[in-house]
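Structure record follows, encoded as structure tokens.
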Amino acid sequence: MNTTISLIISTYNWPEALALVLQSVTQQSRMPDEIIIADDGSDNKTRELIADFESEYNLPIKHIWHEDKGFRKCIILNKALQASIGSYIIEIDGDIIINKHFVADHLKAAQKGFFVQGSRAMIGEARSKKVLETKQYNLHALSNGMHTRFNAIRFPLLSGIFKTNPTSSHNVKGCNLAFWKEDYIHINGYFNGFEGWGWEDYEFAERMINSGIKKKRLKWAAIGFHIFHPLSCRANFAPNELIYRETVRERIIRRTPGYSEVQYG
């Protein structure tokens, strides 16, 4: 099967982190077929950074941007998906430095009827500061300043020994997630009705599961290293949780507005 991969990177006004993420993309053992930046309203510094990377590395990058009107990650992700050409989507955040075999590991794990949660290893605050200052990184399980070292181990031959509940949306994180585009379209993508941070990943995964798509968890493969940053504002955490709980209770598959209700370009 000829699988084309779209790597979608969500970002907002942190070009210093995005530069490291894009650098890690250039070092992949299996490059994605396209790179899309889902930009939730960043200023011109991000646009200039992307232009520099396109020029230096001859990378065709699609920059999907909309005006900054607060946290609208779901909407910009839906716009990015509309612009994508890949049959398989790998989604990361703009603060996730990826292991050089990240795309290859996700491709190996791709399976019809499943979406895949990859591993996230946390870089401590001090080490994150150093990485951002020096623009140098060599990250692995034994790196100084690394938290959650277990998640930083890459041993793909044993990755299959780790099991998870395939029908649970618990602990799904969009910062390292992969799925088939046709499954995404079937559930109408992310729900645009979320306001502010929180629960959008869980709710998306719950509708995937309600539609018959099961969760697969990757450990010791498809590793992303998360650059430390302060916690996002949780002002809408409780109202967003109610949306998620309704999706669970009513076994909702498709919500509107979502993917079909947005336009990019």
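Any read-out appearing in this document is the output of simple, stated calculations on the displayed coordinates, not a laboratory observation. Everything numeric in this text was worked out from a predicted model, so none of it was measured. Every residue, glycine as well, gets a Cβ built from its backbone with ideal geometry; the counts of neighbours run over all protein chains shown.
So the values come out like this:
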read-out: Cβ charges +1 (Lys, Arg) and -1 (Asp, Glu), total dipole of the chain, debye; value: 1180
read-out: Aspartates and glutamates whose Cα lies under 20 Å from that of residue 181, excluding same-chain neighbours fewer than 8 positions away; value: 33, 34, 39, 91, 93, 105, 200, 201, 203, 206, 261
read-out: Share, in percent, of DSSP beta bridges within the stretch 5-261 that are antiparallel, nearest 5; value: 30
read-out: Listed residue pairs exceeding 27 Å between alpha carbons, taken from 62/214; 45/112; 45/108; 73/214; 79/173; 130/215; value: 62/214; 45/112; 45/108; 130/215
read-out: Relative contact order for the stretch 179-254, counting Cα pairs under 8 Å that sit 6 or more residues apart, in percent; value: 47
read-out: DSSP loop trypsin sites (Lys or Arg not before Pro) with at most 13 other Cβ within 10 Å: longest gap in the chain; value: 164-233
read-out: Helical mean residue ellipticity (222 nm; -39500 (n - 2.57) per DSSP H run of 4+; nearest 500) of the chain; value: -10000 deg cm²/dmol
read-out: For the stretch 1-152: relative contact order, % (alpha-carbon pairs under 8 angstrom, 6 or more apart); value: 29
read-out: Long-range HN-HN contacts of residue 221 with modeled amide H, under 5 Å; value: 119, 155
read-out: Amide H partners (placed H, <5 Å) of residue 146, local residues excluded; value: 124
read-out: Centroid-to-centroid separation of the stretch 246-265 and the stretch 2-59 [C-alpha atoms, Å]; value: 27
read-out: Gap separating the Cα centres of the stretch 192-243 and the stretch 62-140, nearest whole Å; value: 13
